[in-house]
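Q: Attaching a single structure in structure tokens format; questions to follow.
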Amino acid sequence: MKKGKLIVIEGCCDGIGKTTQYNKLIEKLESLGYTVVKHHFPTYNTFQGKGVEEYLQGKYGNPSELSPYFIHSLYAYDRSITWFTKLKKEYDDNKIILLDRYTTSSLFYQSALIEDKIEKNKFIDYVVETEYSLIGIKEPDQVIFLEAPFDVITNLRNKRNKDRQEKEDIHEKNLDFMKKVYDSSKYVSKYLGWTRIECANGNVMKSIEEIHEEIMSKLNLK
């Protein structure tokens with residue numbers, strides 16, 4: 001039986017406009033007649049997402065003092081429960097599953113805690129093997145990776161948080177860590193061959209429509 005497609009939208013750092021592009025892609029695909037199942041990870045306000053929420057609130061301590069393997073396990077539990085109770089059936093019914101974050105986020109957020117390249121690669125391979133092969137959640141058919149210069153994104157994120165009066169989590173409060181996440185995301189995107197979308201011309205962000213059009217030109221629904 002023909003299966004669906006699992007597509008993930010990722011960004012090199014919070015603030016790049018991932019949610020905007022995610023919503024535009026949903027709207028476009030539905031206008032073309034596709035049935036799209038939407039989901040955002042982590043899955044807050046659920047029992048499987050409780051560990052992630054507590055971690056992001058700082059209840060388990062400083063991320064730099066925690067094992068990336070432990071942190072990954074919190075997110076992996078959320079993804080696994082959500083896949084087998086919700087997303088798998090939709091995928092088997094030949095629908096497009098469009099995810100805002102997935103295993104992809106763990107790959108660069110947690111690997112950002114690992115400086116040694118050999119150990120970083122070991123962790124990336126561990127996550128891929130554990131979640132996709134051993135646990136058995138679906139590996140993405142395509143990862144759309146949005147990227148732009150770090151300083152440009154940081155300014156956009158700061159403006160967004162100020163305008164919306166949003167409370168920062170333990171990651172966003174630490175600019176040094178966010179830079180490590182940024183560098184790690186670029187590394188992982190190359191290591192795993194994600195579809196990369198450049199969202200800026202130099203230090204100037206492209207328009208929302210320009211970025212959307214590039215995403216559509218590289219989207220693989222076959």
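Q: What pairs come out if I take residues in the range 203-220 that are farther than 21 Å from Gln142 by Cβ and pair them with residues that are β-branched (Val, Ile, Thr) and modelled with pLDDT under 95 whose C-beta lies under 9 Å away, six or more apart or interchain?
A: Asn203/Val152; Val204/Val152; Met205/Ile16; Met205/Val152; Met205/Ile153
Q: Turning to a different aspect of this structure: Kindly indicate which of Lys179, Lys173, Lys206 is over 15 Å from the mean Cα position of the chain (by Cα), closer than 24 Å to Val8 by Cα, modelled with pLDDT under 95 and not β-branched (Val, Ile, Thr).
A: Numbers: Lys173 fails: closer than 24 Å to Val8 by Cα; Lys206 fails: modelled with pLDDT under 95.
Unique residue meeting the criteria: Lys179.
Q: Among the residues of the range 71-123, write down those that are of a type in the set (Val, Ile, Thr) and in contact (Cβ under 8 Å) with a residue 12 or more places away in the chain.
A: So in the range 71-123, the residues of a type in the set (Val, Ile, Thr) come out as 71, 81-82, 85, 96-97, 103-104, 114, 118.
Across the range 71-123, the qualifying residues are Ile71, Ile81, Thr82, Ile96, Ile97, Thr103, Thr104, Ile114.
This table checks each residue for (1) out of contact with any Gly (no Cβ under 7 Å at 6 or more places or on another chain); (2) surrounded by fewer than 21 Cβ atoms within 10 Å (Cβ to Cβ); (3) under 30 Å from Val204 (Cβ atoms); (4) modelled with pLDDT of 95 or more.
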| position | (1), (2), (3), (4) |
| --- | --- |
| Ile96 | no, no, no, yes |
| Leu107 | yes, no, yes, yes |
| Val128 | yes, yes, no, yes |
| Leu134 | yes, yes, no, yes |
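Q: Given the conditions (1) closer than 16 Å to Phe177 by Cα; (2) surrounded by 13 or more Cβ atoms within 10 Å (Cβ to Cβ); (3) over 19 Å from the mean Cα position of the chain (by Cα), and given that Tyr60 satisfies all but one, which numbered condition is not satisfied?
A: Only one criterion in (1) closer than 16 Å to Phe177 by Cα; (2) surrounded by 13 or more Cβ atoms within 10 Å (Cβ to Cβ); (3) over 19 Å from the mean Cα position of the chain (by Cα) is unmet by Tyr60, namely (1).
Q: Looking only at the range 182-205, which residues are in contact with a helix residue (DSSP H, G or I) (Cβ under 8 Å, 6 or more places away or on another chain) and either assigned to a loop (DSSP other than H, G, I, E, B) or on the phi > 0 side of the Ramachandran plot (or both)?
A: Leu192, Trp194, Cys199, Asn203
The values are calculated or read from the model by the stated rules, or taken from the named source; none is laboratory data. Just so it is clear, the model here is predicted, and its values are computed rather than measured. Neighbour counts run over all protein chains shown; Cβ positions are idealised from the backbone, glycine included.
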